[in-house]
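One structure is given below, encoded as structure tokens.
The values are calculated or read from the model by the stated rules, or taken from the named source; none is laboratory data. Bear in mind the structure is a predicted one, so any value in this text is a computation, not a measurement. Every residue, glycine as well, gets a Cβ built from its backbone with ideal geometry; the counts of neighbours run over all protein chains shown.
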Amino acid sequence: MRGYELLEKMELIHADYVMAANEEPIKKKGGAKKWWLTAACLCLIFCLTVPVMAASIPAFYEMLYAISPATAQYFKPVQMSCEDNGIRMEVVAVYVHEDTAQIYITMQDIEGTRLDETADLFDSYQIHTPFDGTGTCRLTSYDPDTKTATFLITIERWNEQAITGGKITFSVEKFISHKKMYKDVLEEVALDRVELETLTQKVMPRGFSEADDDGQEGQVTVLKPSGAICVPTEGVTLTSIGYIDGRLRVQVYYEDILNTDNHGMISLINRNTGEKINCDFSVSFFDEAEKGSYEEYIFTGVPEESLTIYDLYGDFVTSSGCVEGNWSVTFPLENTGNPSS
């Protein structure tokens, strides 16, 4: 039997056999009995040490989960709440039906006001299940009186199999909050009088909304930043405007995105009609420190001579930074609490 198969079978061991291994054996002659006792002792040691290691050594738990998710979750002890860095996380309700489980989890700031109605787990959460499936998490409400944010976790098992038994582990490493929204015309920028940038550079893209076919060896051509044209809001800087191959490009720098999740969108507003024109696609790339990110918004069908009728419109989301910690709860897949919380 291979190692991972053994681990998967360990969860099927009945507790009576483990207890029997700890009882005083009846002394009889025979090597077969001694072999059975040795095997039972090894089984007892395994069953006693693995749960402790799974609970106290994150690296061991992750290794075990990679080999056998069902075994890792079997040995993970139930912990319905936890606390770190002055933030308490707790499971308040579980609703299981057919192939779907809905779980409500709260995060409460018991030391300050670091949470609000814009709380976001910043894609730092992990959902460990004993089966294959998909999971999502979203904010559903915030109570300013108790400084508590409530999140809904939805888990669906693949192949429409019923979700029965087992335990789920949900963990979070950081969150951001107190986001600021900016939605307005960039009055400081007059497109008909701005100096258009002509210098370009090749960069490795961090991401893009649509593939650009002018790449060479994985690189793409973008404008070279020319300095701060304007700063519409803290953490966001307009750094370049110009044309490449007849396409209008507007470049924006988002500061410290790994901690702030600063992001946004640039559009054009027709002064005569009020029509809003979104970019056709965009490409983003890191700065030299790989902390901040440039994003270049690309418009087709907007010739230079038509810029006199357009205003730049910015739609940005920024924050002051993230709160880090180590929060993890493990709970059985059993209906508890009020699913409509």
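Going through (1) touching a residue at least 12 places away in the same chain (Cβ under 8 Å); (2) out of contact with any Lys or Arg (no Cβ under 9 Å at 6 or more places or on another chain) one by one, Asp145 falls short only on (1). Out of Thr140, Thr164, Thr154, one residue alone is at pLDDT below 95, polar (S, T, N, Q) and surrounded by fewer than 19 Cβ atoms within 10 Å (Cβ to Cβ). It is Thr164. Of the residues making up segment 92-113, those that are under 28 Å from Ser320 (Cα atoms) and crowded, with 16+ Cβ neighbours inside 10 Å are Tyr104, Ile105, Thr106, Met107, Gln108, Asp109. Please give the number of the condition Glu173 fails out of (1) closer than 30 Å to Tyr254 by Cβ; (2) free of Cβ contacts under 8 Å to residues at least 60 places away in the same chain. All conditions are met except number (2).
You will find that of Gly314, Gly301, the residue that is part of a strand (DSSP E or B) and either at pLDDT below 95 or assigned by TED's automatic domain parsing to the domain that holds Glu197 (or both) is Gly314 and no other.
Kindly establish whether Ile257 is hydrophobic (A, V, I, L, M, F, W, C) and closer than 22 Å to Glu187 by Cβ. So Ile257 does not fit the description; no. Scanning segment 250-278 for residues that are of a type in the set (S, T, N, Q), outside any loop (DSSP other than H, G, I, E, B) and surrounded by fewer than 20 Cβ atoms within 10 Å (Cβ to Cβ) turns up Asn259, Ser267, Asn270, Asn278.
If I filter segment 199-236 down to residues being hydroxyl-bearing (Ser, Thr, Tyr) and modelled with pLDDT under 95, which single residue comes out as surrounded by the fewest Cβ atoms within 10 Å (Cβ to Cβ)?
Filtering segment 199-236 for residues hydroxyl-bearing (Ser, Thr, Tyr) gives 200, 209, 221, 226, 233.
Then keep just the ones that are modelled with pLDDT under 95; that gives 209, 226.
Details: Ser209: 15, Ser226: 17.
Applying the filter and picking the extreme gives Ser209.
Candidates in segment 130-180 are the residues that are in contact with a Phe, Trp or Tyr (Cβ under 8 Å, 6 or more places away or on another chain), among the aliphatic types (A, V, I, L, M) and in a strand (DSSP E or B); of these, the one that is nearest to Ile110 (Cα to Cα) is Ala149.
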